[in-house]
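The values are calculated or read from the model by the stated rules, or taken from the named source; none is laboratory data. A quick note: this is a predicted structure, and the numbers were derived from the prediction, not measured. Note that we place each Cβ from the backbone using ideal geometry, even for glycine, and neighbour counts take in every protein chain shown. For the accessible areas, the whole protein counts, side chains as well, though only heavy atoms, and no ligand, DNA or RNA atoms are used. Shrake-Rupley method; radii C 1.70, N 1.55, O 1.52, S 1.80 Å.
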Amino acid sequence: MPTESDKIELNAYELREITGYAADCARRALSIFERNRPADTRPRDAIDAADAFAGGGRRTAALRQSAWAAYRAAQEAASPAAVDAARAASHAAAAAYLHPLADAHQVKHILGAAAHAARAEELASGEDQRVTAGTLEWARRHAPAAVTALLGRLPAAPPGGGRVGEFIRDLDAALRA
């Protein structure tokens, strides 16, 4: 297992696959945010920017700015479910900036969109555990090989992070199994 200070291999193909996966995960919860703030396009814009990068686009300042804009949208959302839906979008765009370090924190960048989307769906469903399990199972089944390969080069997800952190650790363990 790599140590926290080790650099890992991370190629452009993997980065694009991981970003595309994060965008797919975030998209599942986007309607939750849009029902709460229909005029606010920042989370949708972040997912679109992540998709553009995943599809071969350049990693630009606009992509990074879209991640921050979705994060700010999360801060302005009134509903906890909408907050997590916007955070999922922010994580999707930010996935393009994953660092090639063997740092457990990087696992949060890879799986953050999936975990926040799961929390958004859980909150929107009235905390129905079946919804959560279904969302996390979908994320497990749809993870491309690049996600599991990169997780294998990283330490396990770190402790903490509340319910979203729990989802990250659960998904990390399931993808490593």
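Structure data summary
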read-out: Conditions (1) open to solvent by 20 Å² or more (accessible area, probe 1.4 Å); (2) assigned to a loop (DSSP other than H, G, I, E, B); (3) in contact with a helix residue (DSSP H, G or I) (Cβ under 9 Å, 6 or more places away or on another chain); (4) of a type outside the set (Phe, Trp, Tyr); number of the one not met by Gly126; value: (3)
read-out: Pair list, Cβ < 6 Å and 6+ apart or interchain, from the range 120-135 residues that are under 14 Å from Arg163 (Cβ atoms) to residues that are outside any helix (DSSP H, G or I) and not charged (D, E, K, R); value: Ala120/Ala29; Glu121/Ala29; Val131/Ser125
read-out: Of all residues making up the range 35-50, the number that are under 15 Å from Trp68 (Cβ atoms), open to solvent by 60 Å² or more (accessible area, probe 1.4 Å) and in a loop (DSSP other than H, G, I, E, B); value: 1
read-out: Residue identified as surrounded by fewer than 24 Cβ atoms within 10 Å (Cβ to Cβ), not in a helix (DSSP H, G or I) and not aromatic (Phe, Trp, Tyr) among Arg64, Arg58; value: Arg58
read-out: Hits in the range 143-163 - residues which are assigned to a helix (DSSP H, G or I) and open to solvent by less than 20 Å² (accessible area, probe 1.4 Å); value: Ala146, Val147, Leu150, Leu151
read-out: For Thr132: the one exception among (1) modelled with pLDDT of 95 or more; (2) open to solvent by less than 30 Å² (accessible area, probe 1.4 Å); (3) over 14 Å from the mean Cα position of the chain (by Cα); (4) not basic (Lys, Arg); value: (1)
read-out: Residue match in the range 15-30 (condition: part of a helix (DSSP H, G or I), modelled with pLDDT of 95 or more and surrounded by fewer than 17 Cβ atoms within 10 Å (Cβ to Cβ)); value: no
read-out: Test for Ala74: is it closer than 24 Å to Arg140 by Cβ, open to solvent by less than 10 Å² (accessible area, probe 1.4 Å) and among the aliphatic types (A, V, I, L, M); value: no
